[in-house]
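Below you'll find the structure I mean.
The values are calculated or read from the model by the stated rules, or taken from the named source; none is laboratory data. This is a predicted model, so every value here is computed, not measured. Neighbour counts run over all protein chains shown; Cβ positions are idealised from the backbone, glycine included. Ligands, DNA and RNA are excluded from the accessible area calculation, which covers all protein heavy atoms including side chains. Shrake-Rupley method; radii C 1.70, N 1.55, O 1.52, S 1.80 Å.
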Amino acid sequence: MPGPEHRRERDPGLQPERTRLAWRRTTLSSTVAAVLAAKAALHGGPSAIDVTACALCCALWLGFLALAHRRIRVLATASGTDGPPALAPRHATAATLCTVALAVCAVALVFRTGSNGA
């Protein structure tokens, strides 16, 4: 049984890779939310409110996409034992707000069009 002296050293390259993959998964899930919201808005004769909400979802998605790709690029170029620089608080806040607002907007749009179609 290996003791504490046989503990493996931490690989500094693994954490940025996992973080980069998490950003990509989040980008993919926000893409799915935006596409489903657009589909719900355009299904069965869209109203001006539906089109506006769809445009808002798309704008939020583009904002998150820009932030995510910027962070992915930073993580990909980071090297050395210090690791990548921390995410700036304003970027973290913007990414969080875009994600939450996109989810709320998409859910509201789906429920709105679902109740109109019933």
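Specify whether the C-alpha gyration tensor of region 21-118 places it in the rounded, prolate or oblate class, a ≥ b ≥ c being the square roots of the eigenvalues: rounded for a/c under 1.5, otherwise prolate if a/b is larger than b/c and oblate if not.
Prolate, because a/c is 1.5 or more and a/b exceeds b/c.
Then there's this: Could you do me a favour and compute the accessible area per residue for region 23-118, 1.4 Å probe, result in Å²?
Working: 5900 Å² over 96 residues.
In whole numbers, region 23-118 has 61 Å² accessible per residue.
Let me ask something additional. I want to check the label-to-label distance for residue 65 and residue 48. Put each point 7 Å from Cα in the C-beta direction and report it in nm to one decimal.
The two pseudo-label positions are separated by 2.8 nm.
Sticking with this structure for a sec: Quick check: pseudo-label points 7 Å beyond the Cα along Cα→Cβ at residue 31 and residue 86, how many nm apart are they?
Output for this residue pair reads 3.1 nm.
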